[in-house]
Amino acid sequence: MRAEQQTRPYHQILKSLTICATVAASLIFNSPALMAADEATEADQSTPSTSMFSPVRKSVESIQNLFTDVKQYLGIRYRFGGDSPSGFDCSGFVSYMFNKTLDVKLPHSSQEMATMGEKVSRSELKPGDLVLFKNGKNRINHVGIFVGNDTFVHSSLSKGITRDTLNESYYDKRFATGVRILDVQDSRQPDDLNSLIESVIDENSAS
């Protein structure tokens, strides 16, 4: 009788602990506040319009304007969640440039950018395309703007707004995909755009 009385409280305690654990797990995995915090790792995310899932028609001059503006921001420091000239993270820089120069609104999220526009392979990249990179878990976690000549501009954690090449081993093995946001009407690439691209690359190399 005494053994049965001792066992019964133990079962009651175990049952109470099980209920508490179930409630706690439910709160952890379904809490809107926690899910929102997880989604906010790239701050001020915006929701793209449905029309943004197709490339936007722009002229060659628009690409020229983009890279002319990009030159002004080379060297600006990296800032987590940043989306202004006081500091940019990778997606903040891309979304800022596209909105300011091209009036094209992109989300502040490299993962969302990867779902937009038209997917292009590395060999098909054109100036103005987005280049996206993945981490060791195959999760998209970085984005830049392709310039040409295997070069892209981006916000680097260590160097701020800078240029790097896809051939560098770090980026070569992490390249995930290209995304074409801009449908450039003139397929020809004029000499002045080529000169502008070279100036973006050379100016950053000298800095």
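Bear in mind that the values in this text are calculations on the coordinates, not laboratory data. Nothing here was measured: the structure is a model prediction, and the numbers come from that model. In this analysis, Cβ positions are derived from the backbone assuming ideal geometry, glycine residues included, and neighbour counts consider all displayed protein chains.
Sort all Cα-Cα distances of segment 106-160 into consecutive 10 angstrom bins from zero, then give the percent of pairs in each bin up to the one containing the longest distance.
In whole percents, the pair-distance histogram is 23, 55, 22, 0.
List the lysines whose Cα lies under 26 Å from the Cα of Lys173, skipping any in the same chain that are fewer than 8 positions away.
Cα-Cα hits under 26 Å: Lys119, Lys126, Lys134, Lys137, Lys159.
Using R₀ = 25 Å, calculate the FRET efficiency as 1/(1 + (r/R₀)^6) where r is the Cβ-Cβ separation of Asn138 and Lys105; round to 0.05.
Values: r = 27 Å, r/R0 = 1.09.
For Asn138 and Lys105, the calculated efficiency is 0.35.
Net charge near Leu182: determine it from the other residues with C-beta under 9 Å of the C-beta of Leu182, scoring Lys and Arg +1 and Asp and Glu -1.
Value of the local net charge: +2.
Using 7 Å Cα-to-Cβ label points, what is the Lys119/Ser54 separation (nm, one decimal)?
That separation, rounded to one decimal, is 2.0 nm.
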